[in-house]
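Structure first, commentary second.
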Amino acid sequence: MITWIVLGVVALLVLWVVAAYNRFVRLVMRAKEAWADIDVQLKRRYDLIPNLIESVKGYASHEKNVLESVTAARAAAMDAGGVEEKGKAENMLTGALKSLFAVAESYPDLKANTNFLELQRELSDTENKIQAARRFYNTNVRDLNTGLETFPGNVIANFFRFEPREFFELGAEDSAARSPVAVKF
């Protein structure tokens, strides 16, 4: 009888470890999926920027510094590696886009250009999707990190070497990046 009880307890313990391990695998995969969603939206944003620059270039060709700063910020954002580096690069790009739209304010013909207006609409839509993807990612990272830190999950997580993930946040040092890109005229 004691043998059966011990075997039952061991079986339950093994089942619990398997379930806990599988839960962490699911949480890691959700975080990866959420990061992939962010990447898709950022790629869409990066693809819109050259068209936007070309639209502005025809009207504001003497605003070369602004156009170059947007191009440089876009390149830096595309090359950024980790979550923190990507967040800083995105802050720079957001600031550069704000400068671009501020310059565009000075050109009434540009503001009326249908191509420019369509690009603005698409960029605004993309910014909203990036924000939603960021929230989804951060929610999944929160769930994963909470599971990694709470007992008894932390025992399993440490044993199988699951690592916490970084949140994708806007830097506190760049308060201008905390407000959305102004794309309406």
Legend entry - Dipole moment magnitude, nearest 20 debye, the chain about Cα centre, only Lys, Arg, Asp, Glu C-beta charged: 460 debye
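In the neighborhood of residue 163, defined by Cβ-to-Cβ distances under 14 Å, what is the net charge if each Lys or Arg adds +1 and each Asp or Glu adds -1? Present the calculation step by step, with values, prior to reporting the outcome.
Working: positive: 32, 161, 165; negative: 149, 166.
The answer is +1.
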Legend entry - Of 94, 61, 13, farthest towards positive along the dipole that unit charges on Lys, Arg, Asp, Glu beta carbons give the chain: 13
Legend entry - Mean residue ellipticity (222 nm) of the chain, computed from DSSP H runs ≥ 4 via -39,500 (n - 2.57), nearest 500: -27500 deg cm²/dmol
Inset, instruction - Sticking with the crude label model, points 7 Å out along Cα→Cβ, report the distance from residue 114 to residue 146 in nm, one decimal please. - result: 5.0 nm
Inset, instruction - Using only the alpha carbons of the chain, determine the length spanned along each of the three principal axes and report them from longest to shortest in whole angstroms. - result: 89, 28, 23
Inset, instruction - Using only Cα atoms, tell me the angle between helix 64-79 and the longest principal axis of the chain; keep it within 0 to 90° and round to the nearest 10. - result: 20 degrees
Legend entry - Summed side-chain charge close to residue 24 - residues other than residue 24 whose Cβ falls under 11 Å, Lys, Arg +1, Asp, Glu -1: +2
Legend entry - Rounded to whole Hz, the Karplus (6.51, -1.76, 1.60) HN-Hα couplings of the stretch 46-52, x for glycine and proline: 4, 6, 6, 4, x, 5, 5
Inset, instruction - Please report the relative contact order for the chain, taking Cα pairs under 8 Å with a sequence separation of at least 6, and give it as a percent rounded to a whole number. - result: 32 percent
Inset, instruction - Please order 38, 5 by the number of other Cβ within 10 Å, starting at the fewest. - result: 5, 38
Inset, instruction - Provide the per-residue ³J(HN,Hα) series for the stretch 148-164, in order, calculated from phi with Karplus coefficients 6.51, -1.76, 1.60 and θ = phi - 60°, each as a whole number of Hz, with x at glycine and proline positions. - result: 6, 9, 9, 7, x, x, 5, 5, 5, 4, 5, 4, 8, 6, 6, 10, x
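No value in this document is a laboratory result; all are computed from the given coordinates. Computed from a prediction, not measured in an experiment: that's the story for all the values here. Cβ sites come from the backbone with ideal geometry, for glycine too, and all protein chains shown count toward neighbours.
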